[in-house]
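The block underneath contains the structure these notes are about, expressed in structure tokens.
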Amino acid sequence: MTTAIPTSPTPPDQPRSTAPGPASAWWGLPLLREMRRDYLGFCTQLQRRYGDISYMRLGNEHAWDLFSPELVREALVTHADKLIRWERGIEVFAQVLGQNVLVTEGATWQRQRRMLMAAFTPKRMAGYAGLMTSAAHDALQTLVPAGHPAAEVDISQLWSSVAMNVILRTTFGPTAHEESHAAIAATQTLSTAAFHEMFWPMTLPDWLPLPGKAAKRRAIRTLHDIIHRHIAAHRACAAAHDPETPPPDLLTHLLALKDEDGQPGLPDQEVFDQCLVSFQAGHETTATALTWWSHLMALHPHAAQRAQAEVFAAVGLGTPGPEHLASVPWLTATLKEAMRLYPPVGAMMTRRTTTAITLGKWHISQGALLRITPWVLHRDPRHFPDADAFMPERFLEGAPDIPRGAYIPFGIGPRVCLGQHFAMMEMTLLTAMLLQRFTLQPAPTAPPMAPTLHTTLRPQSAVRVLLRPVGCP
Ligand code: HEM
């Protein structure tokens with residue numbers, strides 16, 4: 001089934017072709033139904049049938065799926081300044097997140113991104129490490145009750161709680177973790193609501209008495225209360241801090257920034273919006289990656305033992321820190337490979353063209369949608385031999401090069417994840433701490449694992465892992 005694209009006017013010297021893609025009968029409604037049923041399977045089939053690029057008509061939309069590293073790079077790097085994020089996604093997120101770096105465009109985005117980048121310099125990152133390990137310490141301590149040889153643990157819940165503790169401490173300071181439970185419940189409610197609303201044609205007002213709206217209102221209030229409380233407390237304490245050695249949390253950094261006129265102090269609303277980014281962008285993504293990693297390590301004991309031996313050799317029984325990161329390449333490779341097989345942002349990296357562009361030999365009209373699906377790119381056997389197998393050695397030094405654009409768990413181009421080094425450091429420190437304490441095995445009662453696409457690529461059910469304290473037979 002191949003349709004000729006309803007070509008938009010093409011300048012005479014530009015490439016123009018008939019694009020491959022599925023027939024879009026009934027305004028694309030059957031295609032939308034298939035997407036809703038199994039988005040990842042749908043995209044995988046598109047790539048198998050049509051190759052590196054596929055076109056479809058969905059109602060008024062001209063949508064293109066890009067499946068090759070070259071086309072992904074051409075779009076997200078070369079033509080980055082001619083793309084904006086998909087408005088429907090932005091509308092859904094902006095309603096919850098306000099105007100922060102995840103959703104803004106143009107000059108506002110540039111200013112916000114510059115401002116936040118200062119919070120992710122290597123020096124600042126080193127300051128976050130202690131907050132990260134302290135967040136994990138208590139949670140890991142109580143996993144297996146004293147005297148028990150092992151315990152079956154819901155590892156998704158564990159990492160969700162630890163990752164939220166990390167976000168709370170690194171955003172607001174070491175004492176912020178008390179709000180963890182409320183913050184987890186609120187972000188999960190909002191993330192589920194956002195994913196459902198993404199498929200609606202418009203966002204209905206939150207005050208309407210519809211199912212889920214009351215929970216959404218409560219969740220927004222919870223996060224707003226937490227952030228406002230911390231902003232007020234930080235402002236009150238600011239005078240007491242030594243300006244030479246300010247506490248290393250993100251909020252202290254934001255409050256110390258100057259506004260565009262060089263005056264000290266950003267407006268509270270702007271500080272507030274940027275704090276919300278961490279909750280939205282940095283919690284579920286990291287927790288999901290750690291969950292898939294734990295599942296894979298339980299299934300691959302040799303890879304896990306090698307990582308464990310590496311951690312003991314590099315860190316011993318002490319607390320891991322940024323100085324150990326370079327000494328655990330195998331552990332790092334296992335994390336990268338887990339994100340290859342199960343990229344937390346597995347799909348829906350969607351952009352709209354603001355002007356006509358050329359991708360490969362294809363003419364893409366102004367206003368078209370470009371969709372990038374890491375799930376499909378990451379399992380392409382042309383770039384990852386034995387693509388469905390867990391093989392961390394792909395990411396060791398000396399392994400064959402992976403083409404740029406073929407592996408994009410953090411995106412690529414100017415809008416690449418701002419927190420990628422933060423996330424890699426966090427995940428390496430936390431997994432090193434887990435391996436120092438436990439060996440992992442699949443729980444006897446664990447159901448088979450299948451990924452399902454929400455806002456992130458989550459396991460369909462809770463992931464249960466058997467943890468055995470190191471040294472126990
Ligand atoms: C394993 C963990 C993470 C993954 C897989 C991940 C993935 C991503 C991806 C794929 C994007 C780009 C989306 C696109 O191009 O449309 C992104 C953007 C972003 N991420 Fe992350 N992320 C992670 C953790 C974090 C953390 C911990 C933070 C902050 C504390 C963070 C902050 C951001 C921000 C602010 C953006 C928007 C950047 C912009 O638009 O300029 N992320 N992330």
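The values are calculated or read from the model by the stated rules, or taken from the named source; none is laboratory data. These numbers come from a predicted model, not from an experiment. Every residue, glycine as well, gets a Cβ built from its backbone with ideal geometry; the counts of neighbours run over all protein chains shown. Surface accessibility is based on the protein's heavy atoms, side chains included, excluding ligands, DNA and RNA. Shrake-Rupley method; radii C 1.70, N 1.55, O 1.52, S 1.80 Å.
Take the Cα of Ala313, step 7 Å toward its Cβ, do the same at Ala126, and the gap between the two points is 2.5 nm.
Packing here is the average count of other Cβ atoms within 10 Å per residue, and on that basis the peptides 132-139, 355-362, 183-190, highest first, run 183-190, 132-139, 355-362. Each peptide in 342-354, 456-468, 288-300 receives the mean, over its residues, of other Cβ atoms within 10 Å, and ordering these scores from highest gives 288-300, 342-354, 456-468.
With N residues in the chain, what two-decimal value do you get for its Cα radius of gyration over 2.2 N^0.38 Å? Mind showing how you got there, number by number?
On the way: Rg = 23.0 Å, N = 473, 2.2 N^0.38 = 22.8 Å.
Compared with the compact-globule rule of thumb, the chain sits at 1.01.
Computed extension gain for Gln420 through Glu152, at 0.36 nm per residue and net of the alpha carbon distance, reaches 93.4 nm.
Using the Cβ-Cβ distance between Arg48 and Ala256 with R0 = 51 Å, the FRET efficiency computed as 1/(1 + (r/R0)^6) comes to roughly 0.45. Taking the C-alpha atoms only, the angle from helix 180-198 to the longest principal axis of the chain is near 10 degrees.
Taking only the C-alpha atoms of the stretch 12-150, the Rg (one decimal) and the largest Cα-Cα distance, Dmax (whole number), read 22.6, 78 Å.
The listed peptides 268-274, 149-155, ordered by packing as a protection proxy, come out as 268-274, 149-155 (highest mean of other Cβ atoms within 10 Å first).
At 1.4 Å probe size, with the rest of the protein present, what percent of the exposed accessible area of the stretch 322-473 is carbon and sulfur atoms? Walk me through the intermediate numbers first.
Values: 3320 of 5820 Å².
Ligands and nucleic acids excluded, carbon and sulfur give 57 percent.
Cβ-Cβ distance of Thr355 and Ala214, R₀ of 45 Å, FRET efficiency by 1/(1 + (r/R0)^6): the value works out to about 0.60. The Ala185 and Ala25 beta-carbon pair, evaluated with R₀ = 35 Å, returns a calculated FRET efficiency of approximately 0.25. Against the main long axis of the alpha-carbon atoms of the chain, helix 106-117 sits at an angle near 20°. The angle between the Cα long axis of helix 301-315 and the longest principal axis of the Cα atoms of the chain comes to about 50 degrees, rounded to the nearest 10.
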